[in-house]
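What follows is calculated from the coordinates using simple rules that are stated; it is not laboratory data. All values reported here derive from a predicted model rather than from experimental measurement. For neighbour counting, all protein chains shown are included, and Cβ atoms are generated from backbone atoms with ideal geometry for every residue, glycine included.
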Amino acid sequence: MILSTDSYKGVRDFYPEDQVIQNYIFNTWKKVAESWGFVEYNASTLEPLELYKSKTSEEIVNEQLYSFKDKGDRDVVLRPEMTPTVARMIAAKYNEVSFPARWYSIPNLFRYEKPQRGRLREHWQLNIDIFGSASPYADAETIMLASDIMKKFGAKDEDYEIRINSRSLMDMLYKELGIPEEKSKTVSRIIDKKDKISPDAFKETLENEIGDISNKLIAILQSKEGVFEQISSSAETEYFSQVVSILEKAGIQNLKFTPTLTRGFDYYTGVVFELFDTNPENPRSIFGGGRYDNLIEDLFGKKVSAVGFGWGDVTTRDFLGTHSLLPKLSSTTEVWLAVAPETNMDEVYRLGNELRNKGIKIGIDISGKKLGDQIAGAEKRKILFVMVVGRNELESKNYKIKNLASGEEKSGNLDEVIKLI
């Protein structure tokens with residue numbers, strides 16, 4: 001039987017040219033995270049199902065989990081997000097972790113959903129979290145770090161906007177309007193989907209949940225200052241104002257207060273935010289996050305405040321492509337050794353090892369093709385330098401190296417060749 005060469009629907013194969021881009025994204029994430037003092041962690045892709053049933057959104061639990069029973073009849077899941085996992089890890093080492101803790105990871109995540117632009121069934125995601133700090137500087141720092149990453153990708157302020165809101169502010173608003181507390185999470189989920197459904201569908205869904213109050217709530221959401229006009233000054237409003245002030249003083253110019261932003265996860269408790277692409281060709285959220293002060297206590301009985309975000313590689317690649325910010329493809333191999341006919345291959349490999357020992361990444365052509373074809377092969381592989389090796393070069397220790405991009409050629413001994421590279 002001949003098998004299909006197609007991958008499973010909703011996942012990707014990473015050919016070398018794709019892996020170059022993914023490595024670029026990952027390396028940028030890691031460098032910036034570590035420059036802000038974050039340390040890396042990781043965990044297994046498999047988790048107990050109950051970890052996600054308790055605090056993850058109903059949509060993910062009911063519709064998107066890859067869950068099954070293992071051979072020990074245990075309910076397990078391929079993790080759909082990293083936050084419950086890292087909450088478990090923090091709780092497990094509660095007495096050993098130095099708070100506030102700055103942790104990051106780039107986990108592989110799985111959700112069964114309809115594949116579309118920006119959403120697949122498998123992706124990787126940068127997770128940035130600060131644990132053990134209830135300071136507005138923690139909220140602001142995660143957003144400043146995210147902005148720093150965008151700058152490192154080459155994005156300008158006008159390429160995206162940072163939409164920001166607060167779940168605690170929205171809870172105050174619901175209370176002021178007389179919306180029952182038990183309906184607050186459902187109302188927040190409806191509001192979060194406002195831009196994804198028609199105005200009529202949004203109004204009808206909200207009205208079915210809270211009746212005539214929906215008309216006043218919709219009017220408030222449509223007004224720029226409606227939320228703050230409705231709720232009184234409080235610790236929650238002061239905290240939110242502090243976060244915004246810190247960001248503005250740090251030079252973040254593209255903040256936008258967005259009362260319809262609530263984020264879908266039930267565990268968010270305070271400031272929430274999303275980075276949104278402003279290019280009309282890709283009008284969507286790139287990633288988001290927020291404060292979740294109660295999750296670790298609710299799940300594991302350890303009181304640890306937390307704030308963070310998750311940033312997927314699929315939306316990142318879409319953003320970079322839309323804004324012409326993808327890196328130019330190049331090979332990790334620095335020099336291709338094109339081997340002339342009747343050359344002692346043992347000597348060629350000795351030369352290759354000598355160059356590797358000096359820190360040069362070497363590929364040796366073992367095809368037996370003509371030199372012209374070997375050089376063309378190096379060009380196709382996006383390798384920058386090619387060095388022809390034959391009996392004369394090995395005997396004289398004088399080598400000719402060519403820059404395939406510029407066409408420049410130079411000759412010299414091994415040390416001179418290495419300096420050129």
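Between E122 and R111, the built amide H atoms are under 5 Å apart, and every one of these is 5 or more places off in sequence or on another chain. The alpha-carbon atoms of the stretch 341-380 define a convex hull whose volume equals 64 cubic angstrom per residue.
Kirkwood-type hydrodynamic radius, the stretch 192-325: 17.3 Å, calculated from all non-identical alpha-carbon pairs. Counting only the Cα atoms, the chain fills a convex hull of 217 Å³ per residue.
Among I246, I364, I162, the largest mean-square fluctuation in a Gaussian network model of the chain (Cα springs under 10 Å) belongs to I364. By the rule of a C-alpha distance below 28 Å, with chain neighbours fewer than 8 residues away ignored, the lysines paired with K196 are K9, K53, K55, K114, K156, K175, K183, K185, K216, K224, K256.
As a rough footprinting exposure proxy, the listed residues M89, M82 were ranked by other beta carbons within 10 Å of their own, and the order from fewest upward is M89, M82.
Counted as membrane-span-like here are DSSP H helices of the chain whose alpha-carbon atoms extend 27 Å or more along the helix's own axis and whose Kyte-Doolittle mean is -1.0 or above; these are 16-35. The length gained on full extension between S67 and N357, counted as 0.36 nm times the residue separation minus their Cα-Cα distance, comes to 99.6 nm.
Note on the stretch 5-140: Cα-only Rg and Dmax are 16.7, 52 Å. Per-residue Cβ neighbour counts within 10 Å put R117, R391, R79 in the sequence R117, R391, R79, beginning with the fewest.
Residues in the stretch 410-420 carry Karplus couplings, in order, of 9, 10, x, 6, 4, 5, 5, 5, 5, 4, 5 Hz; the curve used is 6.51 cos²θ - 1.76 cosθ + 1.60 with θ = phi - 60°, and Gly or Pro positions show x. Computed from the Cβ-Cβ distance with R0 of 60 Å, the FRET efficiency linking E225 to N403 stands at 0.50. If you take the Cα centroid of the stretch 138-159 and the Cα centroid of the stretch 346-399, the two points sit 42 Å apart.
Structure remark: mean-square fluctuation, Gaussian network model of the chain, C-alpha springs under 10 Å; the largest value among F240, F309, F273 belongs to F240.
Computed about its Cα centre, the charge dipole of the chain is approximately 900 debye, with only Lys, Arg, Asp and Glu carrying charge at their Cβ. Close amide H partners of A340, meaning residues 5 or more places away or on another chain with modelled amide H under 5 Å apart, are V389, G390.
The listed peptides 336-343, 69-76, 177-184, 128-135, ordered by packing as a protection proxy, come out as 128-135, 336-343, 177-184, 69-76 (highest mean of other Cβ atoms within 10 Å first). With the cut-off at under 17 Å, measuring from each backbone N in the stretch 123-142 to a point 7 Å along the Cα-to-Cβ line of R12 picks out 123-127.
Dipole of the stretch 291-346 computed with +1 at Lys/Arg Cβ and -1 at Asp/Glu Cβ about the Cα centre; of G308, T343, L326, farthest Cα towards the positive end is G308. In the calculated pair distance distribution of the stretch 246-400, what percentage of Cα-Cα distances lie above 29 Å? That fraction is 53 percent.
Compare D195, D277, D266 in a GNM of the chain, Cα atoms joined below 10 Å, and give the one with the largest fluctuation. Maximum among the listed residues: D195. The length gained on full extension between Y349 and E248, counted as 0.36 nm times the residue separation minus their Cα-Cα distance, comes to 30.6 nm.
Enclosing the Cα atoms of the stretch 372-421 in their convex hull gives a volume equal to 70 cubic angstrom per residue.
Inverting the pair-averaged 1/r between distinct Cα atoms of the stretch 335-420 gives 12.8 Å as its Kirkwood hydrodynamic radius.
Considering only G352, T142, Q230, and ranking their Cα positions along the charge dipole of the chain that arises from unit charges at the beta-carbon of Lys, Arg, Asp and Glu, the one farthest toward the positive end is G352. Once the mean of 1/r is taken over each pair of separate Cα atoms and inverted, the stretch 174-249 shows a Kirkwood hydrodynamic radius of 13.8 Å.
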